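For reference, the structure is listed below as structure tokens.
The values are calculated or read from the model by the stated rules, or taken from the named source; none is laboratory data. Fair warning: this is a prediction, and the values are worked out from it, not measured in the lab. Heads up, the Cβs are rebuilt from the backbone with ideal geometry, glycines too, and the neighbour counts pull from every protein chain shown.
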Amino acid sequence: MERSIDQWIRPTMAKLKPYTSARDEYGESREDMIFLDANENPFDSGMNRYPDPLQRELKDRIAAWRNVAPERILLGNGSDEVLDLLFRLFCVPEQDRVVVLPPTYGMYSVLAAINSIDTISIPLDGKFEPNVPAILECNSDNTKMVFVCSPNNPTANLMPEASIIRLLEGFNGIVVVDEAYIDFTDRESLTKLLDRYDNLVVVQTFSKAMGLAGIRLGMLFAQAKIIKYLNAIKPPYNVNGLTQKAALDALEDLESKKAQVAVLKAERARLAGELEHIDCVENVMASEANFILARVANADSLYQYLIGRGIVVRNRSKQLNCENTLRFTVGTPEENKVLIEALKSKT
Ligand SMILES: *Cc1c(COP(=O)(O)O)cnc(C)c1O
């Protein structure tokens, strides 16, 4: 099958002329230049200037950290924004479709609905893995993307690399792999496949392992041509100056994040072991993420019981094939201890 990105791009987006901001022209500000081009307040407050619309310094650092060329990186206001930009770039409202694999992250279908795009649901199989033949049967000129979350939220398992490769080779559209939890696994990121597959998009975030959900920073990795199109349609200053600065600071201290992830992985194992011995817990899913999905006797009542003890977990019972499940985020060792004690003392 001969394929090129252009056949999937929404025609109006391919023709779009982006807004050019003052900071696009001389963004790499030289100390000795006088900037009278952007109607900013000239008195230095550290944040009086518009931020770099292309976040060049931050992308260079992320490129070195994630081993992906800077021209293959798009940054956004959380993964939510970069995912939304994919809909805008590839999908014609009221006409195109995307494939989602429930139970999975709810944002894909919310964003589809906001963009007036239909979703086709192809449930994960009995092992919560993609049903590749059924997904490939959705191939059509109007089926533009498939969303694969790996490790998957809420089931916490990794998707087999072989299945994703079969999708990359056989799916007639963009394969979006959401790796929000990749740092909690030992598996390498699928960014390593970007050289081989033009239709691969990998999404990551600063919200989980990097501990910076509050700054809203999402990363998207894809071939340079896709990034060029996305840059043309994104809001010019979608990553604010405080966020860029906080991310650069965090990248100066990756060792402390690594140490936190190590603690969380050890706590995940401990919490899973403890959960297995709790009477009302029937099954504990193996986890490659920083949360654990467990099937319990009565999720609604256990959820309410925990609320009464001041502990908020996530009831995932309404998700497909997740009846009577609760999702427990791995907390600090102290928090996990309180959770286990609350569960043990439930009569
Ligand atoms: C938490 C999460 C994200 C992160 O979203 P942000 O907008 O970057 O905070 C992305 N995908 C999945 C599956 C998640 O669970």
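Data for the structure
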| item | result |
| --- | --- |
| Candidates 32, 44, filtered to the one that is surrounded by fewer than 19 Cβ atoms within 10 Å (Cβ to Cβ), farther than 27 Å from residue 180 by Cα and modelled with pLDDT of 90 or more | 44 |
| Any chance residue 261 is within 16 Å of the ligand (Cβ to nearest atom), of a type in the set (A, V, I, L, M, F, W, C) and touching a Pro at 6+ places or on another chain (Cβ under 9 Å) | no |
| Residue list for the range 87-107, filter: within 13 Å of the ligand (Cβ to nearest atom), crowded, with 21+ Cβ neighbours inside 10 Å and in contact (Cβ under 8 Å) with a residue 60 or more places away in the chain | 103 |
| Scan of the range 51-77 for residues that are surrounded by fewer than 19 Cβ atoms within 10 Å (Cβ to Cβ) and either touching a residue at least 60 places away in the same chain (Cβ under 8 Å) or touching a helix residue (DSSP H, G or I) at 6+ places or on another chain (Cβ under 8 Å) (or both), ordered by number | 56, 57, 60, 61, 63, 65, 66, 67, 69, 70, 71 |
| Residue in the range 184-201 that is surrounded by the fewest Cβ atoms within 10 Å (Cβ to Cβ), counting only those that are in contact with a Ser or Thr (Cβ under 9 Å, 6 or more places away or on another chain) and under 20 Å from residue 83 (Cα atoms) | 198 |
| Hits in the range 191-225 (condition: out of contact with any Phe, Trp or Tyr (no Cβ under 9 Å at 6 or more places or on another chain), more than 10 Å from the ligand (Cβ to nearest atom) and part of a helix (DSSP H, G or I)) | 192, 193, 224, 225 |
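Residue-wise test of (1) among the hydrophobic types (A, V, I, L, M, F, W, C); (2) under 12 Å from the mean Cα position of the chain (by Cα).
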site: 141; (1), (2): no, no
site: 151; (1), (2): no, yes
site: 167; (1), (2): yes, no
site: 172; (1), (2): no, no
site: 182; (1), (2): yes, yes
